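Undergrad: First the structure, then my questions, so here it is.
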Amino acid sequence: MAEEKKISLNEEQLAQLFQLENQRFSATQERISALRNILMEMLNARDAVQAISKGQKNNKALIPIGGGVLVEAALENNKTLLFSMAGNVAQKKTTQEIEAELSKRVESVEKSIEKENAEANRQAANLNNILAAVNNAQARRQPRV
């Protein structure tokens, strides 16, 4: 078992440590937010693929092309779709294959969110410990009445 060493920090060092840990915490929160956005996009895509596969041929769909612009299109084929792979390469896959791939990606993103949440919890505990140390240092400095 490792030997525990006591270190002593002054208030300025504690303030710097707090600021650094707070920046890390903020960055972790931003990553969690980005991952949640990615997760929602994947879940919406999976829902859309499921709806398309249950629909009929030549059903009309609104396709977003960006900037709030939608194009109305008739779906000639609702059993295979183009699936974007790495490097802007698209491959024809069945809706079942796409649903399975999206489910794998959803699971991966959920695991990443769990990992980031654990890190955020650790960082929050560190911030609380630093604040407690600051409070203890201030209490020791004040004269007792």
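Undergrad: Stretched out fully, how many nm does the piece from R36 to N59 gain, at 0.36 nm a residue minus the Cα gap? Intermediate results must be reported in sequence, preceding the final value.
TA: Working: separation 23, 0.36 × 23 = 8.28 nm, distance 3.10 nm.
Net length gain for the segment: 5.2 nm.
Undergrad: Between A132 and A27, 0.36 nm times their residue separation minus their Cα-Cα distance comes to what?
TA: Result: 35.5 nm gained on full extension.
Undergrad: Report the residues of segment 21-64 in range of a label on K92: point 7 Å along Cα→C-beta, backbone N strictly under 18 Å from it.
TA: 53, 57-58, by backbone N distance to the label point.
Undergrad: What is the Cα convex hull volume of the chain when expressed per residue in Å³?
TA: Here the figure is 223 Å³ per residue.
Undergrad: Among the listed pairs K6/K111; K60/K111; K60/K92; K60/K93; K92/K115, which have their C-alpha atoms separated by more than 30 angstrom in this model? Could you put the intermediate results ahead of the total?
TA: Values: K6/K111 36 Å; K60/K111 36 Å; K60/K92 20 Å; K60/K93 20 Å; K92/K115 33 Å.
From K6/K111; K60/K111; K60/K92; K60/K93; K92/K115, over 30 Å: K6/K111; K60/K111; K92/K115.
Undergrad: Note down the net charge around I52, summing +1 for each Lys or Arg and -1 for each Asp or Glu among other residues with Cβ under 13 Å from its Cβ.
TA: Result for the neighbourhood of I52: +3.
Undergrad: Using Cα-Cα distances under 8 Å and only pairs 6 or more residues apart, what relative contact order does the chain have, in percent? All intermediate terms of the calculation are to be shown ahead of the outcome.
TA: On the way: 109 pairs, mean separation 45.0, N = 145.
31 percent.
FYI, it's all coordinate maths here, none of it is from the lab. The shown structure was predicted, so the numbers you read here are calculated from the model rather than taken from an experiment. Heads up, the Cβs are rebuilt from the backbone with ideal geometry, glycines too, and the neighbour counts pull from every protein chain shown.
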